[in-house]
């Protein structure tokens, strides 16, 4: 399971002209699900994402996690994160989870974030989404479990 996290001042996702999720300060989480991923991996990744210290403290050092910083989370499914790009000029997706399993774990990951008391918004799995963000920093990290 892969999360590309971006510290944002604001972010939103729109489907068919309707905003399905929007946050102010927080983390945009692009989530990729691979074959063999399960609930235990989703929980470990959730803990890593929510605990990752990417927000500045009063001294300007990245010492605060999203909850300590009073931020929110916007989770967007991103199957292309599971792409195999090692050879050729076209990505392969054989390492990605089947759509039904990926959707289940995407929903589970989002629910796990909410269970930790974090305001969590979502895109719509499998939809053609338009993601807008104002990256703060820019600060972007690739997390994988």
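The values are calculated or read from the model by the stated rules, or taken from the named source; none is laboratory data. Everything numeric here is computed off the predicted structure, so don't read it as measured data. No Cβ is skipped: glycine too gets one built from the backbone with ideal geometry, and neighbour counts run over all protein chains shown.
For first residues located in the range 104-130 and touching a residue at least 12 places away in the same chain (Cβ under 8 Å) and on the phi > 0 side of the Ramachandran plot, partners that are part of a strand (DSSP E or B) and surrounded by 14 or more Cβ atoms within 10 Å (Cβ to Cβ) and lie 6+ apart or on another chain with Cβ distances below 9 Å form the pairs 126/77. Taken together, the residues in the range 14-42 that are in contact with a helix residue (DSSP H, G or I) (Cβ under 9 Å, 6 or more places away or on another chain) and crowded, with 17+ Cβ neighbours inside 10 Å amount to 10. Flag set for residue 36, criterion: out of contact with any strand residue (DSSP E or B) (no Cβ under 6 Å at 6 or more places or on another chain) and more than 17 Å from residue 111 (Cβ to Cβ). Applying the set (1) over 20 Å from residue 7 (Cα atoms); (2) touching a helix residue (DSSP H, G or I) at 6+ places or on another chain (Cβ under 8 Å); (3) crowded, with 16+ Cβ neighbours inside 10 Å to residue 104 leaves exactly one unmet item: (2).
Hey, does the range 53-76 have a residue that's over 24 Å from residue 139 (Cα atoms), crowded, with 16+ Cβ neighbours inside 10 Å and either over 16 Å from the mean Cα position of the chain (by Cα) or in contact (Cβ under 8 Å) with a residue 12 or more places away in the chain (or both)? So far as the range 53-76 goes, no, none of its residues is over 24 Å from residue 139 (Cα atoms), crowded, with 16+ Cβ neighbours inside 10 Å and either over 16 Å from the mean Cα position of the chain (by Cα) or in contact (Cβ under 8 Å) with a residue 12 or more places away in the chain (or both). Determine, yes or no, whether residue 135 is more than 15 Å from the chain's Cα centre (by Cα), surrounded by 13 or more Cβ atoms within 10 Å (Cβ to Cβ) and in a strand (DSSP E or B). Criteria not met by residue 135. Hey, among the residues in the range 113-132 that are surrounded by fewer than 19 Cβ atoms within 10 Å (Cβ to Cβ) and within 18 Å of residue 24 (Cβ to Cβ), which one's farthest from the chain's Cα centre (by Cα)? Only one residue fits best here, namely 117. Restricting attention to the range 114-145, the residues that are under 16 Å from residue 20 (Cβ atoms) and touching a strand residue (DSSP E or B) at 6+ places or on another chain (Cβ under 6 Å) total 14. Applying the set (1) closer than 16 Å to residue 142 by Cα; (2) at pLDDT 95 or above to residue 84 leaves exactly one unmet item: (2).
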